[in-house]
Amino acid sequence: MQIIAIPTNKGGVLKTSITTNLAGALSLNKKVLIIDTDNQGNVLVSLGNNPDSVEQTLYNVLVDDLDPPEY
Ligand SMILES: Nc1ncnc2c1ncn2[C@@H]1O[C@H](COP(=O)(O)OP(=O)(O)OP(=O)(O)O)[C@@H](O)[C@H]1O
Ligand SMILES: [Mg+2]
């Protein structure tokens, strides 16, 4: 497994766009898991999901020990 992190504090520099496009390209022949630690949840929306459908967040996985949901 390879881990690719795309972190920077600066806003609006294409973190989310790079993440979703890179994941899309890699998913052509690899299994890809995106972990979005940005509490704006922009990856979820970028991939066509409704933010109102979110019942739990990364907080619940890390703190409440719940299994990650699939979207
Ligand atoms: N190819 C492109 N050409 C021009 N603008 C683009 C392109 N791709 C993305 N953008 C725009 O650039 C802006 C910043 O992109 P993005 O949301 O990926 O950055 P970010 O670093 O994740 O931002 P934030 O800090 O708000 O999370 C967005 O408004 C997006 O629509
Ligand atoms: Mg972003």
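Length gained on full extension, THR8 to LEU22: 3.4 nm, using 0.36 nm per residue less the C-alpha separation.
In the chain, Rg over Rh equals 0.95, where Rg is the alpha-carbon radius of gyration and Rh the Kirkwood radius from pairwise Cα distances.
Using Cα atoms only, what is the angle between the long axis of helix 15-26 and the major principal axis of the chain, expressed in degrees (0 to 90) to the nearest 10? For 15-26 against the chain, the angle is about 80 degrees.
Readers should treat all values here as calculations from the given coordinates under stated rules, not as data from a laboratory. Remember, it's a predicted structure, so these values are computed and weren't measured experimentally.
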